[in-house]
Amino acid sequence: MPHSTLTIGSVEISVLHDSEVALPFSATFPDVPPEAWAPYLERFPEAYSGSDKMRIHFECYLVRSQGRTLLIDTGLGNSSSNPNVVANIGGGIDGVLLAELQAAGFQAGDIDTVFLTHLHPDHVGWNVTRNGDDESPTFPNARYVAHEADWAAFETPLDSEIFGYDWWAETVAPLRRLGVLDLISGETELTGELTVVPTPGHTPGSMSMIVNSGGERAFIMGDVFHGPAQVTETDWVFHYDMDPDQAGLTRRGMLDRAESENAAIAICHHSGFGRVVRESGRRYWQAL
Ligand SMILES: [Zn+2]
Ligand SMILES: [Zn+2]
């Protein structure tokens with residue numbers, strides 16, 4: 001799949017697609033009545049499969065800023081790097097992040113920072129490459145950056161089993177053993193143009209990247225939103241939001257900010273970039 005690139009001042013952001021699945025509304029937004037989807041099925045046909053499923057993309061982003069090369073999230077991975085998750089969420093199909101990275105003209109060794117928006121199983125899949133008992137960072141020259149609240153939330157086996165399988169041992173725990181993990185606890189500047197900020201609710205340590213260059217802004221927001229409909233329906237609760245009330249507060253806060261700063265926005269499970277627009281007093285995702 002071709003990647004799309006957005007330029008914000010002197011920062012280049014490219015979507016790197018890893019995988020895609022179709023999941024029923026009943027599994028993703030179980031409390032939303034089926035008929036409430038109708039206006040969004042009409043407005044955003046590309047976001048849905050049939051009349052009752054979301055097309056869930058697993059997107060990562062390559063960000064180039066001030067001589068640095070960063071990757072946001074590492075997707076689902078493949079049947080060796082994240083076996084249970086690829087089998088259970090990914091339909092047994094290997095992700096293609098590394099091929100997308102190559103198609104964009106980069107190698108794994110070019111990445112100097114991997115920023116993980118949060119530590120859910122579908123955002124950490126390519127963290128580690130396994131060869132028999134040998135494990136190594138897939139991005140060998142990178143520091144991996146994540147919020148310490150997610151490390152605390154998921155490191156015990158009990159909590160990491162909320163999805164029904166243990167991804168932690170395969171994709172996240174090795175980062176610390178390998179000495180490549182930097183846990184952060186709040187707003188952190190990654191370059192003079194890139195700052196990551198806490199956007200909690202979906203998980204306690206969820207973070208978003210604020211890109212600010214040449215008077216332009218973009219917000220890369222991980223799982224703050226699950227699909228374009230939630231830009232309008234900010235109260236709709238995604239099944240895996242750990243603190244739904246806080247997730248709603250964060251969504252509305254980021255929308256206010258995106259609207260007032262005229263920022264481009266991106267979310268990991270929907271393809272491409274968007275902007276917040278208003279129609280008849282309601283806010284909508286508009287694709288760029
Ligand atoms: Zn998530
Ligand atoms: Zn996710």
Answer yes or no: is there a residue in the stretch 45-58 that is within 16 Å of ligand 1 (Cβ to nearest atom), closer than 12 Å to residue 125 by Cα and either touching a residue at least 24 places away in the same chain (Cβ under 8 Å) or within 15 Å of the chain's Cα centre (by Cα) (or both). yes
Away from ligand 2 (no atom under 16 Å from the Cβ), buried (at least 20 other Cβ atoms within 10 Å of the Cβ), among the charged types (D, E, K, R) and modelled with pLDDT of 95 or more: is that true of residue 148 in this structure? no
Does the stretch 250-271 hold any residues that are in a loop (DSSP other than H, G, I, E, B) and either hydrophobic (A, V, I, L, M, F, W, C) or at pLDDT below 95 (or both), and which are they? 263, 267, 268, 271
Among 183, 119, 178, which is buried (at least 20 other Cβ atoms within 10 Å of the Cβ) and of a type outside the set (Val, Ile, Thr)? 119
When you go through 122, 150, 133, 94 one by one, which is the residue that is more than 18 Å from the chain's Cα centre (by Cα) and of a type in the set (D, E, K, R)? 133
Within the stretch 220-234, is there a residue that is more than 16 Å from ligand 1 (Cβ to nearest atom), of a type in the set (D, E, K, R) and more than 19 Å from residue 56 (Cα to Cα)? no
Considering each of 206, 213 in turn, give the residue that is touching a residue at least 40 places away in the same chain (Cβ under 8 Å), away from ligand 1 (no atom under 14 Å from the Cβ), within 21 Å of residue 259 (Cβ to Cβ) and among the small types (Gly, Ala, Ser). 213
Does residue 221 satisfy the condition of being within 15 Å of the chain's Cα centre (by Cα) and within 15 Å of ligand 2 (Cβ to nearest atom)? yes
So which of 39, 30 is without any contact (Cβ under 8 Å) to a residue 24 or more places away in the chain, surrounded by fewer than 19 Cβ atoms within 10 Å (Cβ to Cβ) and not in a strand (DSSP E or B)? 39
May I ask you to verify whether residue 20 is in contact with a His (Cβ under 6 Å, 6 or more places away or on another chain) and without any contact (Cβ under 8 Å) to a residue 60 or more places away in the chain? yes
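The values are calculated or read from the model by the stated rules, or taken from the named source; none is laboratory data. Given the structure is predicted, the values throughout are model-derived calculations rather than measurements. Every residue, glycine among them, receives a Cβ derived from its backbone with ideal geometry; neighbour counts consider all protein chains shown.
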